[in-house]
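A.B. asks: What follows is a single structure, and I will ask about it in a moment.
The values are calculated or read from the model by the stated rules, or taken from the named source; none is laboratory data. These figures come from a predicted structure and were not determined experimentally. Virtual Cβ from ideal backbone geometry, glycine too; neighbours counted across all protein chains shown. Accessible surface areas use protein heavy atoms only, side chains included; no ligands, DNA or RNA. Shrake-Rupley method; radii C 1.70, N 1.55, O 1.52, S 1.80 Å.
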Amino acid sequence: MKNQLYIILLVGLVACSKDNNKIQSTSIDYELVITDSIQVNHLQQLTLVDIEDGRILAKNQATSTYVIFDEKGNINSQIELKTDGPNAINMSYSEGFFEGKFTIMDRKKGIIQFSDEGNIIKNFTILEDYIYLNPFNKPIFTIGDKLAYYRPERDMSDWEKPEEFYRRIYNLPILEVLDPKTNETKLKMEIPETSVYKDGDFHFVFYPQIVKRGKIWYLFLMAEMKFYVYEEKGEELIFKESVSLNFKDQIPFPSASMKNPYELFSKLDKVVSSMIEQLYAFDDKIILIYRKGAGENIVQNYDKENQSEWEDFFQSLPKYAAVFDSEYKLLQDNIELPSGTLSTPILTQDGHILVHKNQRLLGEEDWNTYYKLKLTEKREVN
């Protein structure tokens, strides 16, 4: 369990069809350019969580306080999750905006909405006795008139038999969908058979991340350099295709036999695997932010027991972007992000991607700085 929690924290830093790995020639060369910045006057680091109607939600990891600010950096609200009193919560698994309100998935009470003053204003209860194995990027989505959220685990009877447990959960859909009128639930968003999680080996948890744009849903998982596309039709999610990102010197996420699953953690200690960090859905493009990772020959030069040394190394690994068109053809990859920045899930309404200035690498400040990145055409290529 200790190893599992370590890996979860590290990555917190993720119908039958053949994989779609389309590549087309293009006369456009892209780059991500800093066009502006946002400064938020807050002494501690604020990790960006979500955006809705120009309001940006950020988390103070040290105090479990959530800050809401606008795109000019003006703080509108600060909400502290309390552990006692009328607005007490047990533990938050994830946070975001829903219906314009700060919303969490609580360990005991289900989905909770708060006012900007931190008072509970709505509670969607879900079936009891649930647990999540990893954090995730949104507490709730809508599908039709139903509420959808990442599937929690309720049956832990085979937890001490890893082979049985993971074979079972690898074959369950990603989402649980709740009818708030009847409290009936259904599971949706099947993982395609092309996923590595269906190959019979152990790949640890999914660490799923979903991005929804209109009726199109995108899913990517921790151990894969690919994303899946689903279309919402009525109350169903129809799998459309999977899109792989292949590049030179990729460091695959390790796997292990189901007979000896804990071997995976010793393999993870030796490398930093390639991984998708963010997906941004535009009207005519998809942008992935990913890291290439580092092989054993590089990782062995750093001491993981020395937390400061390891964090400096890990955070200094460069990040890249890949651009796909509306038909998921790869236009370009290997687009470098500004050095010394941390990726965030925030995409503004005017098409800017926000990245966080890494003060550990670039120097301490008494405020948080977020750079606005714009995808631009750099020059023509042959």
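A.B. asks: Could you look through the stretch 332-368, keep only residues that are under 11 Å from Tyr320 (Cα atoms) and acidic (Asp, Glu), and pick out the one that is most open to solvent (accessible area, probe 1.4 Å)?
C.D. replies: Glu336
A.B. asks: Does Trp310 satisfy the criteria of being more than 19 Å from the chain's Cα centre (by Cα), surrounded by 14 or more Cβ atoms within 10 Å (Cβ to Cβ), closer than 22 Å to Asn134 by Cβ and of a type in the set (Phe, Trp, Tyr)?
C.D. replies: On the way: more than 19 Å from the chain's Cα centre (by Cα): yes; surrounded by 14 or more Cβ atoms within 10 Å (Cβ to Cβ): yes; closer than 22 Å to Asn134 by Cβ: yes; of a type in the set (Phe, Trp, Tyr): yes.
The answer is yes for Trp310.
A.B. asks: Now for a separate question. Where residues in the stretch 359-382 are in a loop (DSSP other than H, G, I, E, B) and within 18 Å of Asn41 (Cβ to Cβ), which of them is modelled with the highest pLDDT?
C.D. replies: Of everything passing the filter in the stretch 359-382, Trp367 is modelled with the highest pLDDT.
A.B. asks: Quickly run through the stretch 63-73 and pick out the residues that are open to solvent by less than 60 Å² (accessible area, probe 1.4 Å) and at pLDDT below 85.
C.D. replies: Within the stretch 63-73, just Ser64 meets the criteria.
A.B. asks: Can you name every residue in the stretch 80-113 that is modelled with pLDDT under 95, of a type in the set (A, V, I, L, M, F, W, C), out of contact with any Leu (no Cβ under 8 Å at 6 or more places or on another chain) and surrounded by 14 or more Cβ atoms within 10 Å (Cβ to Cβ)?
C.D. replies: Listed by number, the list holds a single entry, Leu81.
A.B. asks: Still on this structure, I have one more. Can you tell me which residue is farthest from the chain's Cα centre (by Cα) among those in the stretch 332-352 that are aliphatic (A, V, I, L, M) and more than 23 Å from Leu43 (Cα to Cα)?
C.D. replies: Ile335
A.B. asks: Go through the stretch 192-239 and tell me which strands (runs of 3 or more DSSP E), entirely inside it, have 2 or more residues that are at pLDDT 95 or above, in contact with a Leu (Cβ under 7 Å, 6 or more places away or on another chain) and not β-branched (Val, Ile, Thr).
C.D. replies: Hits in the stretch 192-239: 216-220, 226-233.
A.B. asks: Turning to a different aspect of this structure: Looking only at the stretch 195-236, how many residues end up being among the acidic types (Asp, Glu), closer than 19 Å to Asn137 by Cβ, out of contact with any Lys or Arg (no Cβ under 9 Å at 6 or more places or on another chain) and open to solvent by 10 Å² or more (accessible area, probe 1.4 Å)? Show your work before the answer.
C.D. replies: Start the filter on the stretch 195-236 by keeping residues that are among the acidic types (Asp, Glu), which leaves 199, 201, 224, 231-232, 235-236.
Those still in the list that are closer than 19 Å to Asn137 by Cβ too: 224, 232.
Add one more test, that the residue is out of contact with any Lys or Arg (no Cβ under 9 Å at 6 or more places or on another chain), and what stays is 224.
Applying the additional criterion that residues be open to solvent by 10 Å² or more (accessible area, probe 1.4 Å) yields none.
Of the residues in the stretch 195-236, 0 are among the acidic types (Asp, Glu), closer than 19 Å to Asn137 by Cβ, out of contact with any Lys or Arg (no Cβ under 9 Å at 6 or more places or on another chain) and open to solvent by 10 Å² or more (accessible area, probe 1.4 Å).
A.B. asks: Only one of these is open to solvent by 60 Å² or more (accessible area, probe 1.4 Å) and over 22 Å from Lys109 (Cα atoms): Asn76, Asn60. Name it.
C.D. replies: Asn76
A.B. asks: Got a sec? Which of Ser242, Ser273 is under 17 Å from Ile286 (Cα atoms), within 23 Å of the chain's Cα centre (by Cα) and surrounded by 19 or more Cβ atoms within 10 Å (Cβ to Cβ)?
C.D. replies: None of the others qualify; the one that does is Ser242.
A.B. asks: Identify, by number, the condition in (1) surrounded by 13 or more Cβ atoms within 10 Å (Cβ to Cβ); (2) in contact with a strand residue (DSSP E or B) (Cβ under 8 Å, 6 or more places away or on another chain); (3) farther than 30 Å from Glu311 by Cα that Phe165 doesn't meet.
C.D. replies: If we test Phe165 against (1) surrounded by 13 or more Cβ atoms within 10 Å (Cβ to Cβ); (2) in contact with a strand residue (DSSP E or B) (Cβ under 8 Å, 6 or more places away or on another chain); (3) farther than 30 Å from Glu311 by Cα, just (2) comes out false.
A.B. asks: Scan the stretch 114-142 residue by residue and report those that are buried (at least 17 other Cβ atoms within 10 Å of the Cβ), within 21 Å of the chain's Cα centre (by Cα) and in a strand (DSSP E or B).
C.D. replies: Within the stretch 114-142, just Phe141 meets the criteria.
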